[in-house]
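The values are calculated or read from the model by the stated rules, or taken from the named source; none is laboratory data. All of these numbers come straight from a predicted model, not from anything done at the bench. Using ideal geometry, Cβ is built from the backbone for each residue, glycine included, and neighbour counts are taken over all protein chains shown.
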Amino acid sequence: MLDADLPLRLYDALMREGVLVAKKDFNAPKHHELDMPNLHVIKTCQSLTSKGFLKTQFSWNYVRRTVQRCPADLRQYYYTLVRSLTIVSI
């Protein structure tokens with residue numbers, strides 16, 4: 001189960017940088033840049049890829065994900081998620 005703020009930190013990094021690189025290691029305790037489990041980064045990015053927000057490129061056990069659709073669409077999805085998590089946590 002994901003903590004409520006973990007996806008928000010991931011979306012924030014994606015909107016700020018436009019790209020995210022993760023090692024394809026499901027057992028890694030933490031992502032090398034973000035302070036969150038690597039598995040959560042991989043699975044959240046897979047979800048965003050299936051929704052069409054990210055483009056995936058593989059290279060030597062690393063997965064590079066870049067924002068594919070308009071960042072405004074990702075930002076709208078992010079704010080919808082923030083509102084829903086805020087409502088649930090109250």
Scan region 12-27 residue by residue and report those that are under 16 Å from Arg64 (Cβ atoms) and assigned to a loop (DSSP other than H, G, I, E, B).
Gly18, Lys24, Asp25
Breaking point among (1) at pLDDT 85 or above; (2) on the phi < 0 side of the Ramachandran plot, for Asp5:
(1)
Any idea which residue in region 7-50 is surrounded by the fewest Cβ atoms within 10 Å (Cβ to Cβ), counting only those that are farther than 22 Å from Asp73 by Cβ and among the acidic types (Asp, Glu)?
Asp35
Name the pairs whose Cβ atoms lie under 7 Å apart, with the first residue in region 5-21 and touching a residue at least 24 places away in the same chain (Cβ under 8 Å), the second part of a helix (DSSP H, G or I) and β-branched (Val, Ile, Thr), and 6 or more positions between them or separate chains?
Pro7/Thr44; Leu8/Val82; Leu10/Val41; Leu10/Thr44
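Condition check: out of contact with any helix residue (DSSP H, G or I) (no Cβ under 9 Å at 6 or more places or on another chain) and among the β-branched types (Val, Ile, Thr). Does Thr56 satisfy that?
Details: out of contact with any helix residue (DSSP H, G or I) (no Cβ under 9 Å at 6 or more places or on another chain): no; among the β-branched types (Val, Ile, Thr): yes.
It is false that Thr56 is out of contact with any helix residue (DSSP H, G or I) (no Cβ under 9 Å at 6 or more places or on another chain) and among the β-branched types (Val, Ile, Thr).
Hey, any hits in region 57-80 for a residue that's of a type in the set (S, T, N, Q), at pLDDT below 85, more than 10 Å from the chain's Cα centre (by Cα) and part of a loop (DSSP other than H, G, I, E, B)?
Restricting attention to region 57-80, the residues satisfying the condition of being of a type in the set (S, T, N, Q) are 57, 59, 61, 66, 68, 76, 80.
Next, from what is left, pick out any that are at pLDDT below 85: 68, 76, 80.
Okay, now just the ones that are also more than 10 Å from the chain's Cα centre (by Cα), so 68, 76, 80.
Of the ones still in play, those that are also part of a loop (DSSP other than H, G, I, E, B) are 68.
Checking region 57-80: at least one residue is of a type in the set (S, T, N, Q), at pLDDT below 85, more than 10 Å from the chain's Cα centre (by Cα) and part of a loop (DSSP other than H, G, I, E, B).
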Note: among Leu48, Leu85, Leu54, just one is modelled with pLDDT under 80 and within 28 Å of Ala28 (Cα to Cα), namely Leu85
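For region 51-74, name all the residues that are in contact (Cβ under 8 Å) with a residue 24 or more places away in the chain, basic (Lys, Arg) and either under 17 Å from Leu6 (Cβ atoms) or surrounded by 14 or more Cβ atoms within 10 Å (Cβ to Cβ) (or both).
At the first step, the residues of region 51-74 found to be in contact (Cβ under 8 Å) with a residue 24 or more places away in the chain are 51, 53-54, 58, 61-67, 71, 74.
Checking the rest, the ones that are also basic (Lys, Arg) come to 51, 64-65.
Residues satisfying the conditions are Arg64, Arg65.
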